[in-house]
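Asks: Quick one: this structure, given as C-alpha cells, is what I'll be asking you about.
The values are calculated or read from the model by the stated rules, or taken from the named source; none is laboratory data. Everything numeric in this text was worked out from a predicted model, so none of it was measured. When we count neighbours, we look across all protein chains shown, and the Cβ atoms used for this are built from the backbone with ideal geometry, even at glycine.
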C-alpha cells in the first residue's frame, strides 16, 4: 500500500455494497459480489494501514462521498476513521466558475469527467506537497483512458480490481471504435 491515496468515490460505493456487516443496497460497479468483496478488502486494509487519505480543503471530494453514501455506510466510516486518527491530508485546489477543479492545460482536455477532475487535481497537489499522488479506483474505467497522460504528470493510478477494469475498458474501447466505423451508403 502506498503512503497516500485519493480514493475515487466508486471504491467507497462498491466496498459499502460488499460490507459483510452492513451491506448497502446500492447500484454499484462491479455488480459481481466477489469483485465487490475485493474492493471491500482493499478499503478495509487501507482503513487499518498507515496510508493517508488525500482530500481537498474546500471539501468537494468529501461532499461527493456524502452525496453518494450515508453516515453508516462502510466507505464513509473509513473516511471518518481516517479523520479521527489524523490520517487525512488536505490539499488546496483551484476551481472554475462551475465548481470544477482546474487542471493543467495539458490534462484539461483529456480528463473529460468534471467530477473526476477534483480527484486528479488532488493527486497532483499531493505529488507537489508529498512527492506522491495516487488515485485508487475500482469500477470507473475512464481512468485507463487517462493513464498515460496522468503518468506524465506523476499521477499514479491503483486499479483495485485491475484485470476486471482493464477488460471492461477494452470492451468499452471496442464498442466505441465499432460505433465510429463508417457504413457505406449508396448514392443515386
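Asks: Can you tell me which residues in region 18-34 are surrounded by 11 or more Cβ atoms within 10 Å (Cβ to Cβ) and within 18 Å of residue 78 (Cβ to Cβ)?
Replies: Passing the criteria: 18, 19, 23, 24, 26, 28.
Asks: Which of the following residues is under 28 Å from residue 170 (Cβ atoms), modelled with pLDDT of 95 or more and assigned to a loop (DSSP other than H, G, I, E, B): 93, 103, 124, 150?
Replies: On the way: 93 fails: under 28 Å from residue 170 (Cβ atoms); 124 fails: assigned to a loop (DSSP other than H, G, I, E, B); 150 fails: assigned to a loop (DSSP other than H, G, I, E, B).
The unique qualifying residue is 103.
Asks: So which of 2, 52 is surrounded by fewer than 19 Cβ atoms within 10 Å (Cβ to Cβ) and modelled with pLDDT of 95 or more? It would help to see each step written out before you state the result.
Replies: On the way: 52 fails: surrounded by fewer than 19 Cβ atoms within 10 Å (Cβ to Cβ).
Every option except 2 fails the conditions.
Asks: Oh, and also: Name the pairs: first residue in region 129-158 and farther than 26 Å from residue 35 by Cβ, second residue modelled with pLDDT of 95 or more and assigned to a helix (DSSP H, G or I), Cβ to Cβ under 8 Å, at least 6 apart or on different chains?
Replies: 132/126; 153/124; 153/127; 154/124; 154/127
Asks: Which residues, taken from region 10-64, are in contact with a strand residue (DSSP E or B) (Cβ under 9 Å, 6 or more places away or on another chain) and part of a helix (DSSP H, G or I)?
Replies: The answer is 10, 11, 42, 43, 46, 60, 61, 62.
Asks: Still on this structure, I have one more. Report, by residue number, each residue of region 102-128 that is in contact with a strand residue (DSSP E or B) (Cβ under 8 Å, 6 or more places away or on another chain), touching a residue at least 24 places away in the same chain (Cβ under 8 Å) and surrounded by 20 or more Cβ atoms within 10 Å (Cβ to Cβ).
Replies: 118, 119, 120, 121, 122, 123, 124, 125, 126
Asks: Filtering region 66-76 down to residues that are surrounded by 21 or more Cβ atoms within 10 Å (Cβ to Cβ) and assigned to a helix (DSSP H, G or I), which residue is farthest from the chain's Cα centre (by Cα)?
Replies: Quick first cut of region 66-76, residues surrounded by 21 or more Cβ atoms within 10 Å (Cβ to Cβ) only: 69, 73-75.
If we keep only those that are assigned to a helix (DSSP H, G or I) too, we end up with 74-75.
On the way: 74: 16, 75: 13 Å.
Among them, the one singled out is 74.
Asks: When residue 64 is evaluated against the numbered criteria (1) closer than 16 Å to residue 160 by Cβ; (2) modelled with pLDDT of 95 or more, which criterion, by number, is the only one it fails?
Replies: Result: residue 64 fails condition (1) only.
Asks: Then there's this: Of all residues in region 55-76, which are more than 13 Å from residue 13 (Cβ to Cβ) and in contact (Cβ under 8 Å) with a residue 12 or more places away in the chain? Break it down stepwise before answering.
Replies: Looking only at region 55-76, we keep the residues that are more than 13 Å from residue 13 (Cβ to Cβ), and these are 55-63, 71-72.
55, 56, 57, 58, 60, 61, 62, 72 - these are the residues of region 55-76 that are more than 13 Å from residue 13 (Cβ to Cβ) and in contact (Cβ under 8 Å) with a residue 12 or more places away in the chain.
Okay, residues lined up against (1) out of contact with any helix residue (DSSP H, G or I) (no Cβ under 9 Å at 6 or more places or on another chain); (2) closer than 23 Å to residue 132 by Cα:
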position: 53; (1), (2): no, yes
position: 56; (1), (2): no, yes
position: 61; (1), (2): no, yes
position: 70; (1), (2): no, no
position: 78; (1), (2): no, yes
position: 86; (1), (2): yes, yes
position: 91; (1), (2): no, yes
